[in-house]
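Structure first, then comments.
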Amino acid sequence: MAVYIDPPLWPAHGTVFSHLISDVSLDELHTFAARAGISERAFDLDHYDVPARRYRQLVDLGAREVDGGTLVRVLVASGLRVPARRRPDSLRRALQARWDQTLPGAAGLGRELLNRWSEPHRRYHTLEHLLDVLEALDSLFSEDDDGDTRLLVRLAAWFHDAVYDCRAGEDEEASAVLAGAALESLIEHPDEVRRLVLLTASHLPEQGDRAGELLCDADLAVLGRAPHGYRRYLTAVRQEYAHVPESDFARGRAAVVNRLLDLDPLYRTAEGRRLWAANARHNLQAEAASRS
């Protein structure tokens, strides 16, 4: 575990800046930055921007000096790098384009949803999670899934965390109500979208509920990330619950992990099991062991 810094060569605001990163976890990076008195406002998704006047102090505190190219390679290898297409401005443009293809003529509703997914208190349930779920659906749909199924499941993905206040169960209910009201005059079956959104509270679709299976598998695809991606997910979830004491969070999270491990199968679609099941079980078991 180490924190790295490159030379102050990046001009902005009348000075030059260095980049400060971790090779293991954002938690380590935030801890180091706090110890050094660096404001959280200097954090930019996967690194801190620090002015030249702080460079020597940070090296003295233990940051390893590397050139810019090495710093980028370390960040990529850590799995913590946020690619350009995943940064907020690019994400918003990509998601607005997806929305316009999904429900033409309702651009205003798409912008409203993007604003909801961009709320400042969110750390995991963000635009990035929304795109992850939509891309997971792209991988899960088969030739047998007709246009109506695809439309309804995609709309449910857009609405499934549209209301998010860290209140399990209540958030899904409020999101479902929002979906029903917003889509009532726009599509033929708004109640089906509402039903699907509610399913994301339990991730327990009935056998043969193809639409429910697709949405629940896509929402849980994050569990099947490579280990470094799973660690990033855990960090973001903990940040969303920063107001919860560690002991309470640990108990609640352990209950969530055990419930997920008890789901058999965790993924209801054959493609979901093929893509994510092995990694997901490894990640969940490793997390459970770390909390025991």
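The values are calculated or read from the model by the stated rules, or taken from the named source; none is laboratory data. Since the structure is predicted, the reported quantities are computational estimates derived from the model, not experimental observations. All Cβ positions, even for glycine, are placed from backbone atoms using ideal geometry, and neighbour counts span all protein chains on display.
For Glu192, the criteria (1) without any contact (Cβ under 8 Å) to a residue 60 or more places away in the chain; (2) of a type in the set (Asp, Glu); (3) touching a His at 6+ places or on another chain (Cβ under 9 Å); (4) surrounded by 17 or more Cβ atoms within 10 Å (Cβ to Cβ) hold in every case but one, which is (3).
Out of everything in the stretch 111-147 that is surrounded by fewer than 19 Cβ atoms within 10 Å (Cβ to Cβ) and either of a type in the set (Ser, Thr, Tyr) or in contact with an Asp or Glu (Cβ under 8 Å, 6 or more places away or on another chain) (or both), what residue ends up being farthest from Asp171 (Cα to Cα)? Taking the candidates together, the pick is Ser142. For beta carbons closer than 8 Å, sequence separation of 6+ or different chains, a first residue in the stretch 265-292 that is under 21 Å from Arg253 (Cα atoms) and a second that is outside any helix (DSSP H, G or I) and small (Gly, Ala, Ser), the qualifying pairs are Asn279/Ala226.
Of all residues in the stretch 108-151, those satisfying the criterion of being in a helix (DSSP H, G or I) and of a type in the set (S, T, N, Q) are Asn115, Ser139, Thr149.
Within the stretch 193-237, if we keep just the residues that are within 13 Å of the chain's Cα centre (by Cα) and β-branched (Val, Ile, Thr), the residue that is farthest from Thr102 (Cα to Cα) turns out to be Thr235. Quick one: in the stretch 5-35, which of the residues that are touching a helix residue (DSSP H, G or I) at 6+ places or on another chain (Cβ under 9 Å) and of a type in the set (Val, Ile, Thr) is surrounded by the most Cβ atoms within 10 Å (Cβ to Cβ)? Within the stretch 5-35, the match that is surrounded by the most Cβ atoms within 10 Å (Cβ to Cβ) is Ile21. For the stretch 74-89, the set of residues classified as in a helix (DSSP H, G or I), modelled with pLDDT of 85 or more and surrounded by 13 or more Cβ atoms within 10 Å (Cβ to Cβ) consists of Val74, Leu75, Ser78, listed by residue number.
If you go through the stretch 42-56 and keep only what is assigned to a helix (DSSP H, G or I) and surrounded by 13 or more Cβ atoms within 10 Å (Cβ to Cβ), you end up with Ala42, Ala52, Arg54, Tyr55. Of all residues in the stretch 261-290, those being more than 19 Å from Val133 (Cα to Cα), assigned to a helix (DSSP H, G or I) and over 22 Å from the mean Cα position of the chain (by Cα) number 2. Restricting attention to the stretch 205-231, and to residues there that are surrounded by 19 or more Cβ atoms within 10 Å (Cβ to Cβ) and modelled with pLDDT under 95, which single residue is farthest from Pro265 (Cα to Cα)? Restricting to residues being surrounded by 19 or more Cβ atoms within 10 Å (Cβ to Cβ) and modelled with pLDDT under 95, the top hit is Arg231. Against the numbered list (1) closer than 18 Å to Leu220 by Cβ; (2) in contact with a Phe, Trp or Tyr (Cβ under 9 Å, 6 or more places away or on another chain); (3) of a type in the set (Gly, Ala, Ser), Ala182 comes up short only at (1).
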